[in-house]
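Accompanying notes for the structure given below.
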Amino acid sequence: MNLAHFLLNSRGVRNLVLRANSLLNRFGFSPAKMENSLNCGIEMNQELGLKLSLPVTAIILERHPEIIRNLQDKGVELAVHGYVHTDYTELSREKQLEHFEHAIKIFKKQGIRFRGFRAPYVKWNEDTMAAIHELGFLWESSKTVMWNVLDDYEASLPKKNWEAYKKVLKLYNPVDAFAHPVLPEIKGNFVEIPLSLPDDEMLVDRLHLPQEKIKEVWQKILSLTYERGELFTLQVHPERFPFLREEIKSVIEQARMYNPKIWIASLDEIARWWGKKEKKTRWPNGARSCLSITGDIDALTLFDFFMRIFGK
C-alpha cells in the first residue's frame, strides 16, 4: 500500500485536499520546520522527563543523518520504522526480512542505537512478527488498542469529521482496550508493547477537536490506565510537538500528581523491565501504572513525504 492509496482510503477526497494545506504548515522544502519540531521534542524530553521513543524510517535516516543523530545525542530513544514507509503486510516474509535487514544496516552505518521496531501505518502480520523475531529486536510496538472515550464528543462533532475518524479506525483495526488488559506481552524473544489510540492524528486531523478537548481525552485515558494498573503509550507525531506541547505537558503534570506514582518510561525501558524473569511486581519501584510518549519520524521535508507515494 502506497501513501496515496492509504490517504484516499483513510480520509476521502475532501480531507485529502485539506491535508495538503496542513502539510505545507508542517513540512518545508528544507528540513528546517521539522528540525524545529524535533528540537521542541528534545526540550520537552529534557524539561519534563518524557523519555521519548521515536521510531525512524531508515530511508529518512539515510537522507538526514545529522538531524537524527542529534536526537540520539540529546537523549531520545530511536527505533526502526521499516526501511521505507509502506504497508509491509503486502510483502512476503522474505521481502519484509530483506527490508528490515537493510534498515538495520543503515542504522548501524550511521551509528544509531536501536532496540525496537514499529511498522509503518502500524500494519503488520505474522510474517512481520516472524522477521522481528529472527532479527533479534528487543521490542515491537505496532499492535494498537482503542480506548473508547470519545462518545461524549460525537454529538457535538460534524458528521464528516466522525466519518473521517471511522475510516482510519477501520484501517488500524485496533483491539478494544476495555476488553483486554493493556500491558506488554512477551512474544518469543521480544516484548510486544501496545500503542494506545486515539492518537494525535485522529484527534487533530480527523476529528478536529479543540486542543482543550484533546487534553481531556488523553487525561481520561491516563486515569483509566492508572485505575487498572496498565500502560498508556501515547503517540504524538513529532511534527505536532510544538502545536500540542501544552497538551503533552498537561498529561505529564497529571501523571506526576498520582500516589502511588506513574512510571514514565521509554519503550526500551519498558521492554527491559517486562523481560526480567525475576521481577515480582508489574511495574518497578512501587509504580501503579506506566506512561510512555512515542511518535514516528517518516518525513522531514515535503520531498520525503511525497516520495512515500512511490514507496521510497
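Secondary structure note: in the stretch 3-310, about 10% of the DSSP beta bridges are antiparallel. Under the combined filter of DSSP loop state and at most 13 neighbouring Cβ atoms within 10 Å, the stretch 228-312 retains these GluC sites (Glu not before Pro): Glu278.
Listed from fewest to most Cβ neighbours within 10 Å, the set Ser196, Ser22 follows the order Ser22, Ser196. The relative contact order of the stretch 3-310 comes to 25 percent, based on Cα pairs under 8 Å that sit 6 or more residues apart.
Cα centroids of the stretch 81-123 and the stretch 185-247: 23 Å apart. With bins 20 Å wide beginning at 0, the percent of Cα pairs of the chain falling in each bin runs 34, 62, 4. Label zone (Ala130, point 7 Å along Cα-to-C-beta; backbone nitrogen cut-off 16 Å) within the stretch 175-194: 188-189. How would the stretch 217-312 be classified by its alpha-carbon gyration tensor: rounded, prolate or oblate, with rounded meaning a/c under 1.5 and the a/b versus b/c comparison settling the rest? Judged from the Cα gyration tensor, the stretch 217-312 comes out oblate (a/c at least 1.5, b/c at or above a/b).
Of the trypsin sites (Lys or Arg not before Pro) found in the stretch 58-140, those that fall in a DSSP loop while having at most 16 other beta-carbon atoms within 10 Å are Lys74, Arg113. Toward the positive end of the charge dipole of the chain, with +1 on the Cβ of Lys and Arg and -1 on the Cβ of Asp and Glu, the farthest Cα among Pro65, Trp147, His237 is that of Pro65. For the stretch 3-310, the residue among Ile252, Trp263, Phe117 whose Cα projects farthest onto the positive side of the dipole built from Cβ charges is Trp263.
With a Förster radius of 25 Å applied to the beta-carbon distance between Glu101 and Asn70, the computed FRET efficiency rounds to 0.45.
With 21 Å as the limit on Cα-Cα distance, the pairs of Lys123/Lys312; Lys74/Lys109; Lys74/Lys108; Lys160/Lys213 all stay inside it. Multiplying the residue separation of Asn173 and Leu302 by 0.36 nm and removing their Cα-Cα distance gives an extension gain of 43.6 nm. Loop-located chymotrypsin sites (Phe, Trp or Tyr not before Pro) in the stretch 254-312 (DSSP state not H, G, I, E or B) with no more than 16 neighbouring Cβ atoms inside 10 Å: Tyr258.
What you get for the chain, charging only the Cβ of Lys and Arg (+1) and of Asp and Glu (-1), is a dipole of about 140 debye around the Cα centre. Applying 1/(1 + (r/R0)^6) with r as the Cβ-Cβ distance of Lys261 and Asn39 and R0 = 25 angstrom yields a FRET efficiency of 0.30.
Quick note: the coordinates plus some simple rules give every number you see, no bench work behind them. These numbers were taken from a predicted model, which means no experiment stands behind them. Virtual Cβ from ideal backbone geometry, glycine too; neighbours counted across all protein chains shown.
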